[in-house]
Structures are given as C-alpha cells and as structure tokens.
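Peer 1: For reference, the structure I am asking about is given below.
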Amino acid sequence: MNDPIPISRPILGQAERDAVIAVLESGQLAQGEVVARFEAAFAQYCAARYCIAVSSGTAALHLALLGLGIGPGDEVITSPFSFIASANAILYVGARPVFADIDPATFCIDPDAVRRAITAHTRAILPVHLFGQAADMSSLDRLAQHHGLAIVEDACQAHGARWDGRPVGSWGVACYSFYPTKNITTAEGGAITTDDGDLAEQFRMLRSHGVRRRYYHEILGFNFRMTDLQAAIGLAQLSNIEGWVDARRAHAARYTDELRGVTVPPVRAEAFHVFHQYTVRSRRRDALQEHLLGAGIGTGIYYPLPIHQQRLYVERGLTGQFPASERAAGDVLSIPVRPDLTDDEQRRVIRAIDAFA
Ligand SMILES: *Cc1c(COP(=O)(O)O)cnc(C)c1O
C-alpha cells in the first residue's frame, strides 16, 4: 500500500536549501545576524514591537513566565486541553498550574471557568490558541485588567491568527513554536513577542546566560538560543506564510461545507482562524480513525489525554474534573489540512468520511 496522505509535513523548497547552504558557507552557525533578521521579519508579521527567537516553543513559554517574575507561590491559570508544554512551563518556574476547562465549541479556555479559578495567588492567565483559533481574548483581557494579571498567550499553533481584528500576542506576551508540524518551521525553534522593551531585554538576557555584554553575567540565564541555520530556514518559510494560511483556510472552508456525519469545528465570529489543525468530532472516533487509515488517510488525535490526567500531574495532586476537556480527548480527530493538500487528496478524505457515516 502507498503511504497514507500525511496529516502534516513541512514544505521545504530550494529557498530553504539555498539559505541553509549560505549559512554553512559563512561559517557563522550559531545565533548571529540571520537570527536578528528572522526576529525583525517575524515581529513585523506578528505586528509586535519585539521578537526574541529561542530554541523551542517550550523555551519561549519558560522564559516568558520567568521574565514576568512568576515563581514559587504563584498560580497561573491555563487549559488542560493542550500540549503538555503549556502547563509544564508553569512547573519549570516553580509556580502552580491551575486548570480551567475549555469552551467545547472552540477547544479554547472558557473565560467563565477562568474567573472561577482566580485566587489571591493568581499572577497570570496562559490561554492556548488551540488548533489556530484564538481564545476569547476580549473576555480574558477584561478579567486580567480587573485582577491585575499578566497574559502569556500560547500561540504555538496560531502564527497569524487574530481575535476581533487584533493579532494574537497583542494582549500580552506571546509564545510561538517552529517545530516541523507547525504552520512554519525552523526544524526546532520558538519565539517570544512583546511590545514591552524592558521585558524584551529580560527575555534576551535569560535566553543567553544573563548577559547584556559578553562574559558579564547579571542574572541566571540559560542557553535557549536559536541558530543562524534555523533562522535561515525560518526566513525562507516566512516568505510563504500568507499563502499557506490562505490555503489552510480554503481547505477548511471546503471541509466545513462538504463533510457529513461528523461535527465540524465552529469558528467564532471574532476569530481569524489559521487552521493549524482541522479537528472534527465523532462519537466513533477510534473506528473513524481506523477506517481512514484503511483508506490511506493519516489523522491525528490532539490530545488523547488531558493534562490534568497525565501521570506527572496526578502525582503532584494537580488534577480535577474538567468534563469538556475530557469529552474532547475522547472524540476529537484532526484530518489533513496542510497547505499542499491537493484537490484530489481532499476529495478522498471527504469521500472516506462520507462512506464511514
Ligand atoms: C508545539 C507546542 C508547544 C511546544 O513547542 P515546541 O517547539 O515543540 O517546544 C507548546 N504549546 C503548544 C500548544 C504547542 O502546540
């Protein structure tokens, strides 16, 4: 049998190859001028004043919380329905992750649940713009303003997404990932964006052993740098991102029109959804996945176990009941929505789902 239609795959062309070879030939491999150019270009794409490139999305989340001064004794409210890194970053800084359930329609954190989770120890809200749709940032921003909380947006799946016309990231500090499955890639890589110059300076120091000036270490930092090799790939990828987002959105619109027998993902009127994933719901999810694999179609389950039920959280007593997240874990299935999905491939996916129903 042929390989199944992949759920995701990076799109790499001659521009990426040329850019990587140019860096190899320059002899400057680690963070240098190409990282600086990538930061400027990504900041511009996100309409943010500052961008700090780092080694991964996980490192971005970790540094965002550290740079905001969040640590032991503090609580950060986040979604239990995400990749584990969203909550692990809170553990890394010694703070306590407090979960608030999702809005089942959008898979993003429910502002009413956030309100109920706020205590005297809460320092920040960490919403995840899951699958490429922004969380309800107007409501979360109102809560944050009222209670004096910071906002750290996990935009690892949401490059270019908007809420109410505003780009994600504009409500606080935003964290991005450039892992190969994400909407653009640098192999491994991440970035933090912010409009706050002092915070940007903190993030830069934390990224590189606490230095402003080489070999003068002011604070305890890390080596979370991106390399020029990665940034070169990222610059080439960025020149395509708008077309790729348009393609994802066009595929999604067709699925939403034509799919039968599954629940298609609703999009909030305020959201400009960038469809990192197109995620349907079915009570017979596992059988549907099996059926699609038999028809040569790759799918993904993001995520089969919510964070509050992961062993490392249960063992720390950071568990609870989040029924909307638990239901989603049991019935979600992501189907291919890659920019380079062909017309013929998409027709096959739609037919196979029809046949299952
Ligand atoms: C990918 C991802 C991360 C982590 O990014 P890495 O670059 O893999 O470290 C964090 N949060 C979410 C929601 C993600 O999808």
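The values are calculated or read from the model by the stated rules, or taken from the named source; none is laboratory data. The structure displayed is predicted, hence computed values, not measured ones. Please note: Cβ atoms are built from the backbone with ideal geometry, for glycine as well, and neighbour counts cover all protein chains shown. Accessible surface areas use protein heavy atoms only, side chains included; no ligands, DNA or RNA. Shrake-Rupley method; radii C 1.70, N 1.55, O 1.52, S 1.80 Å.
Peer 1: Check each of the trypsin sites (Lys or Arg not before Pro) in the stretch 298-353 and keep only those in coil by DSSP with at most 12 other C-beta atoms within 10 angstrom; list them in order.
Peer 2: Arg316
Peer 1: Kindly provide the pair-distance distribution of the stretch 26-124 built from C-alpha pairs, with 5 Å bins from 0 and whole-percent values in order of increasing distance.
Peer 2: 2, 12, 17, 17, 17, 15, 10, 5, 3, 1, 0
Peer 1: Here's something else I'd like to know. Can you list residues from other chains, or at least 5 along the same chain, whose modelled amide H is less than 5 Å from the amide H of Ala150?
Peer 2: Here the answer is Ala124, Ile125, since their amide H atoms fall under 5 Å of that of Ala150.
Peer 1: Each residue of the stretch 158-169 in turn: what ³J(HN,Hα) in whole Hz from Karplus with 6.51, -1.76, 1.60 and θ = phi - 60°, glycine and Pro shown as x?
Peer 2: With the stated coefficients, the stretch 158-169 comes to 9, 4, x, 6, 9, 10, 6, x, 9, x, 4, x Hz.
Peer 1: Okay, moving on. So what's the stretch 177-256 giving for Rg/Rh, alpha carbon basis, Kirkwood Rh from the mean inverse pair distance?
Peer 2: Looking at the stretch 177-256, the ratio lands at 1.14.
Peer 1: Go ahead and estimate [θ] at 222 nm for the chain from helices alone: -39,500 (n - 2.57) per DSSP H run with n ≥ 4, summed, over the residue count, rounded to 500.
Peer 2: The helix contribution divided over the chain gives -12000 deg cm²/dmol.
Peer 1: So how much slack lies between Ala47 and His147, counting 0.36 nm per residue of separation and subtracting their Cα-Cα distance, in nm?
Peer 2: 33.4 nm
Peer 1: Keeping the other protein chains in place, figure out the carbon and sulfur percent of the accessible area of the stretch 241-356, with a 1.4 Å probe.
Peer 2: Carbon and sulfur together cover 48 percent of it.
Peer 1: For Arg116 paired with Ile219, estimate the spin-label separation in nm (one decimal), with each label point 7 Å from Cα along the Cα-to-Cβ line.
Peer 2: 3.6
Peer 1: Name the long-range amide H neighbours of Gly32: under 5 Å, sequence gap of 5 or more, or other chain; modelled H, no Pro or chain starts.
Peer 2: Amide H to amide H, under 5 Å and 5 or more residues apart or across chains, Gly32 pairs with Asp228.
Peer 1: Taking only protein heavy atoms into account and a 1.4 Å probe, give the accessible area per residue of the chain in Å².
Peer 2: Counting only protein heavy atoms, the per-residue value for the chain is 43 Å².
Peer 1: Ok, one more. Which distance in Å, rounded to a whole number, links the C-alpha centroids of the stretch 93-137 and the stretch 282-357?
Peer 2: Cα centres, the stretch 93-137 to the stretch 282-357: 22 Å.
Peer 1: Sticking with this one: What FRET efficiency do you get for Asp196 and Asp3 if R0 is 56 Å and r is their Cβ-Cβ distance, rounded to the nearest 0.05?
Peer 2: According to the calculation, E is roughly 0.75.
Peer 1: For the stretch 241-356, how big is the tail of P(r) above 17 Å, as a whole percent of Cα pairs?
Peer 2: 59
Peer 1: While we're on this one: Please list the non-local residues whose amide H lies under 5 Å from the amide H of Ala161, H modeled 1.01 Å from N, same-chain partners needing a gap of 5 or more.
Peer 2: Those lying under 5 Å, H to H, from Ala161 are Val168.
Peer 1: From zero up to wherever the largest Cα-Cα distance of the stretch 53-174 sits, split into 5 Å bins and tell me the percent of pairs in each.
Peer 2: 2, 13, 25, 27, 22, 9, 2, 0
Peer 1: Past the 37 angstrom mark, what percentage of all C-alpha to C-alpha distances in the chain do you count?
Peer 2: The calculated P(r) of the chain puts 18 percent of pairs beyond 37 Å.
Peer 1: Can I ask one more? If you project the alpha carbons of the stretch 96-228 onto their three principal axes, what span does each projection cover, largest first, in Å?
Peer 2: 48, 36, 26
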